[in-house]
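The values are calculated or read from the model by the stated rules, or taken from the named source; none is laboratory data. These figures come from a predicted structure and were not determined experimentally. No Cβ is skipped: glycine too gets one built from the backbone with ideal geometry, and neighbour counts run over all protein chains shown.
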Amino acid sequence: DAKTTQPPSMDCAEGRAANLPCNHSTISGNEYVYWYRQIHSQGPQYIIHGLKNNETNEMASLIITEDRKSSTLILPHATLRDTAVYYCIVRDLSGAGSYQLTFGKGTKLSVIP
Amino acid sequence: DTAVSQTPKYLVTQMGNDKSIKCEQNLGHDTMYWYKQDSKKFLKIMFSYNNKELIINETVPNRFSPKSPDKAHLNLHINSLELGDSAVYFCASTRLAGDNEQFFGPGTRLTVL
């Protein structure tokens, strides 16, 4: 079972920042937060991951609360091509669980012109 | 060049038939995966192979048999197809098991009539 809770859908105006929340209140100390997205009719695509600290790459920023019970993925300037389902995934990198990603229902982000 | 490719993209077949889906990655990765995305869009891992050896088999019926002839290929053979097997099947790979980024193929949409 997925260990995360996300809103089923969100809208964002093109050019504005998209802030996608994720709750993971049962996260353990060994577990990382990963974000993937799935554009319609394509395979999932890795976006970013983090453990404790905020992270930024060319695609997005990840803000993790100090207690690590929730996080926010930020797309700083959303474009129409960012319309997709965004999955927040909690992943333990130790043991057999490190091999797999457990996807939940995700958030369907619609970027509106 | 496509990093992870799958063939065919679409597969329509009758109940009871046997079919195969092929996956190839040209990334030089050691670990490959099969995921199933059902009609409700849940994406679940089925199998994982590391260096041609099975490391994950997530309660998948025996009718599903993955085969890895070499590290670059992980094929999925399905015997006695059932209506419930209709789904989109995604292949993925990582350089090493537990790597941060899984690279997904474009998916194979299987429809069983």
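Brief remarks on what is shown
- Each residue in region A:49-68 was checked for being of a type in the set (A, V, I, L, M, F, W, C), assigned to a loop (DSSP other than H, G, I, E, B) and more than 13 Å from every other protein chain (Cβ to nearest Cβ), and 1 pass.
- For region A:9-48, a residue qualifies if it is of a type in the set (Val, Ile, Thr), within 14 Å of chain B (Cβ to nearest Cβ) and not in a strand (DSSP E or B), and exactly one does: A:Ile39.
- Residues within region A:1-31 that are surrounded by fewer than 18 Cβ atoms within 10 Å (Cβ to Cβ) and either within 16 Å of A:Val85 (Cβ to Cβ) or out of contact with any Pro (no Cβ under 7 Å at 6 or more places or on another chain) (or both), tallied: 19
- One residue stands out among those in region B:80-113 that are within 14 Å of the chain's Cα centre (by Cα) and farther than 26 Å from A:Tyr46 by Cβ: the one that is surrounded by the fewest Cβ atoms within 10 Å (Cβ to Cβ), which is B:Ser86.
- Of the residues making up region B:15-68, those that are over 20 Å from B:Ser80 (Cα atoms), of a type in the set (S, T, N, Q) and touching a residue at least 60 places away in the same chain (Cβ under 8 Å) are B:Gln25, B:Thr31.
- The single residue among B:Phe64, B:Phe47 that is modelled with pLDDT under 90 and either closer than 17 Å to B:Ile21 by Cα or under 13 Å from the mean Cα position of the chain (by Cα) (or both) turns out to be B:Phe47.
- Those strands (runs of 3 or more DSSP E) of region B:1-68 in which at least 2 residues are buried (at least 19 other Cβ atoms within 10 Å of the Cβ) and touching a Pro at 6+ places or on another chain (Cβ under 9 Å), considering only elements entirely within it, cover B:4-7, B:31-37, B:43-50.
- Residue within region B:35-52 that is aromatic (Phe, Trp, Tyr), under 19 Å from B:Thr13 (Cβ atoms) and either in contact with a helix residue (DSSP H, G or I) (Cβ under 8 Å, 6 or more places away or on another chain) or within 12 Å of another protein chain (Cβ to nearest Cβ) (or both) present: no
- Residues of region B:84-98 classified as within 9 Å of another protein chain (Cβ to nearest Cβ), under 21 Å from A:Gln38 (Cα atoms) and out of contact with any His (no Cβ under 8 Å at 6 or more places or on another chain), total: 5
- Residues that are among the small types (Gly, Ala, Ser), touching a Phe, Trp or Tyr at 6+ places or on another chain (Cβ under 6 Å) and closer than 13 Å to B:Gln25 by Cα, drawn from region B:58-104: B:Ser68, B:Ala92, B:Ser93
- Test result for B:Leu81, assigned to a loop (DSSP other than H, G, I, E, B), under 14 Å from B:Leu11 (Cα atoms) and either modelled with pLDDT of 95 or more or more than 7 Å from chain A (Cβ to nearest Cβ) (or both): yes
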